[in-house]
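The structure appears below as structure tokens.
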Amino acid sequence: MAFGDQPAYLRVAGDLRQKIVAGELPPHTRLPSQARIREQYGVSDTVALEARKVLMAEGLVEGRSGSGTYVRPRPERRAVVRTGYRSAGESSPFRQEQADVKVKGAWEARSEQRVADEAVAERLRIEVGARVMRTEYLYRVAGEPAMLSTSWEPLALTGRTPVMLPEEGPLAGRGVVERMAAIDLVVDNVAEEISARPGLAQETLALGGVPGHWVLVVSRTYFAGGCPVETADVVMLAERHRIAYHLPVK
């Protein structure tokens, strides 16, 4: 489709987007009102409204109740470094998700027993309805929320052991590799898949974002001798993060 054939609202949104990117409309600047857009571009109120909706959906502007629509600051995207395997003595839940030693972080966690639904059962290769330990994490960098993680561990492996609760017992706060080694399970492989989707409202709000903005999801599973011992989904705001892998050459 040629530019001239684009719907009017996309042409208006594209021109405003260019001004935002070029700095003509810097962060915290009020976007031209709907009436001003209508007059400037010679379009209807409906077109002006739809153009503003496009910019809001792209995360370039935000509405402020009773005040108008403003250009959002463009956050610097932080690299989340992944290396996969964590050897004993170097692991923690935060290091499990962020391997860059220059980045300091902390986490909050909550665990509870659940039954595996179909998706979790498939990832852990267990029966639907089998008992699992589900743990939710909120990771912070410099005090600000950075990542969410939800992990599942089969209680058939960890139940009634010192590592049944990831954040309690003698190995509280250690990573999966070290905790599993304590019950004679040697983690020897890690598989990860990266995807992107619109964030759920509770996810984006917990991460300090705006509902509807996209998130990156790292779906990770640890294996010991081909048997899954933990699987997790790590969620982060796409506009604030990029994922970098440092993988050894074998």
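The values are calculated or read from the model by the stated rules, or taken from the named source; none is laboratory data. Being a predicted model, the structure only gives us computed values, none of them experimental. Neighbour counts are summed over all protein chains in view; Cβ atoms, including those assigned to glycine, are modelled from backbone coordinates with ideal geometry. Just so you know, the surface numbers come from the protein's heavy atoms only, side chains and all, with ligands and any DNA or RNA stripped out. Shrake-Rupley method; radii C 1.70, N 1.55, O 1.52, S 1.80 Å.
From helices alone, the chain scores -7000 deg cm²/dmol at 222 nm; the rule is -39500 (n - 2.57) for each run of n ≥ 4 DSSP H residues, then divide by the residue total.
Here r is the Cβ-Cβ distance between Ala244 and Glu118 and R0 is 45 Å; the resulting FRET efficiency, rounded to 0.05, is 0.90. Dipole magnitude for the chain: about 720 debye, using +1 per Lys or Arg Cβ and -1 per Asp or Glu Cβ, origin at the Cα centre. Each residue of the stretch 40-47 was assigned a 3J(HN,Hα) from its phi angle through the Karplus curve 6.51 cos²θ - 1.76 cosθ + 1.60 (θ = phi - 60°); the sequence is 5, 9, x, 10, 7, 4, 4, 5 Hz, with glycine and proline shown as x.
Over all other residues within a Cβ to Cβ distance under 12 Å of Thr46, the charged ones net out to +1, with Lys and Arg as +1 and Asp and Glu as -1. Each principal axis of the Cα cloud of the stretch 149-225 was evaluated for its coordinate range; sorted largest first, these ranges are 43, 25, 19 Å. Loop-located trypsin sites (Lys or Arg not before Pro) in the stretch 119-163 (DSSP state other than H, G, I, E, B) with a sparse environment of at most 15 neighbouring Cβ atoms within 10 Å: Arg125, Arg160.
Can you tally the net charge around Ile37? Count Lys and Arg as +1, Asp and Glu as -1, for every other residue whose Cβ sits under 14 Å from the Cβ of Ile37. Mind showing how you got there, number by number?
Numbers: positive: Arg11, Arg17, Lys19, Arg30, Arg36, Arg38, Arg52, Lys53; negative: Asp15, Glu39, Asp45, Glu50.
Charge balance in the 14 Å sphere: +4.
Taking amide H positions as modeled 1.01 Å from N, with prolines and chain starts lacking one, the residues under 5 Å from Ala224 and 5 or more places away or on another chain are Asp188, Val229.
In this rough spin-label picture, where each label sits 7 Å from Cα along the Cβ direction, the Ser44-Thr161 distance is 6.5 nm. Calculated over the chain, the projected area of the Cα convex hull averaged across directions stands at 17.8 nm².
Taking 0.36 nm per residue of separation and subtracting the Cα-Cα distance, full extension of the segment from Ala22 to Val81 would add 18.2 nm.
Exactly which GluC sites (Glu not before Pro) in the stretch 26-75 are in a DSSP loop and have at most 16 other Cβ atoms within 10 Å?
Glu58
For the chain, a Gaussian network of Cα nodes joined below 10 Å ranks Gly23, Gly63, Gly143 by mean-square fluctuation, and the top entry is Gly23.
In this structure the amide hydrogen of Leu200, modeled in the peptide plane, comes within under 5 Å of no amide hydrogen from residues 5 or more places off or on another chain. Both the radius of gyration and Dmax for the stretch 76-155 are 14.7, 43 Å, in that order, over alpha-carbon atoms.
Within the chain, what whole-number % of the accessible surface is contributed by carbon and sulfur, with the 1.4 Å probe and all protein chains included in the calculation? Let's see the in-between values first.
Details: 7000 of 13260 Å².
Exposed carbon and sulfur together represent 53 percent of the surface.
Estimated from the Cβ-Cβ distance and a Förster radius of 35 angstrom, the FRET efficiency linking Ser219 and Leu10 is about 0.55.
Probing with 1.4 Å while keeping every protein chain in the model, the per residue accessible area of the chain equals 53 Å².
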